[in-house]
Amino acid sequence: MIDSIDHVVLTVRDIDAAVAFYTRVLGVEVVAFAGGRRALAFGSQKINLQTLGQEVRNHACIGSGDLCLVTQWPVSDVLKRLADENVEVVEGPVAKSGALGPITSVYFNDPDGNLIEVSRYD
């Protein structure tokens, strides 16, 4: 029935700050949709951004996101980029299991406390 994930949603305190962080640190593209809402686009997916209370159909809370993003970059380059951007690594590199097999992951938090995992397939 399900083929893929189209988008996920992160709840953040400040959409401008989130956009600045993700575009600067991860190099994603910001796109507008649905009357001015913003999302972070990469590949064929996106992360929609919302503020607390913007969506009343879910039970969102700030900092509860936990995402794994796949990269083709060598893990050493990911670590250098994070260091260059003064982003603290909270774990990794560490071996994990991705949807398609073994991955090497690096974990950090965004400004709202969401846990971001950047992984490369081994």
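No lab work stands behind these numbers, since they all come straight from the coordinates. Source: prediction; values computed, not measured. Positions of Cβ are backbone-derived with ideal geometry, glycine not excepted, and every protein chain shown enters the neighbour counts.
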The simple spin-label model distance between L67 and T23, using points 7 Å out along Cα→Cβ, in nm, is 1.5 nm
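Take the alpha carbon gyration tensor of region 1-94, find the square roots of its eigenvalues, order them as a ≥ b ≥ c, and report rounded if a/c is under 1.5; if not, report prolate when a/b exceeds b/c, else oblate. Provide the component values of the computation, followed by the final result.
Details: a/c = 1.72, a/b = 1.50, b/c = 1.15.
Prolate shape, in that a/c is at least 1.5 and a/b is the bigger ratio.
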Helix 75-84 sits off the longest principal axis of the Cα atoms of the chain, rounded to the nearest 10 on a 0 to 90 degree scale, by 60 degrees
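For the chain, give the share of DSSP beta bridges that are antiparallel, in percent and rounded to the nearest 5; count only bridges with both residues there.
Details: 23 of 34 bridges.
Beta bridges within the chain, antiparallel portion: roughly 70 percent.
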Interchain or sequence-distant (5+) residues whose placed amide H lies within less than 5 Å of the amide H of T51 are V12
Once normalised by the length of the chain, the mean sequence separation of its alpha carbon contacts under 8 Å that are 6 or more apart gives a contact order in percent of 24 percent
Rounded to the nearest Å, the spacing of the alpha-carbon centers of region 1-49 and region 69-92 is 19 Å
Rounded to one decimal in nm, the spacing of the 7 Å Cα→Cβ label points at Q45 and V31 is 1.4 nm
For N109, other-chain or 5+-apart residues with amide H closer than 5 Å (H placed, Pro excluded) are V90, I116
Highest GNM mean-square fluctuation among V30, V75, V94, for the chain with Cα springs under 10 Å, belongs to V94
Projected area averaged over all directions for the convex hull of the alpha carbon atoms of region 1-53, nm², comes out at 4.4 nm²
If one compares the long axis through the Cα atoms of helix 15-26 with the longest principal axis of the Cα atoms of the chain, the angle in degrees, nearest 10, works out at 20 degrees
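How would F33, F42 line up from fewest to most surrounding beta-carbon atoms within 10 angstrom?
Numbers: F33 12, F42 15.
Ranked by crowding around the Cβ, least crowded first: F33, F42.
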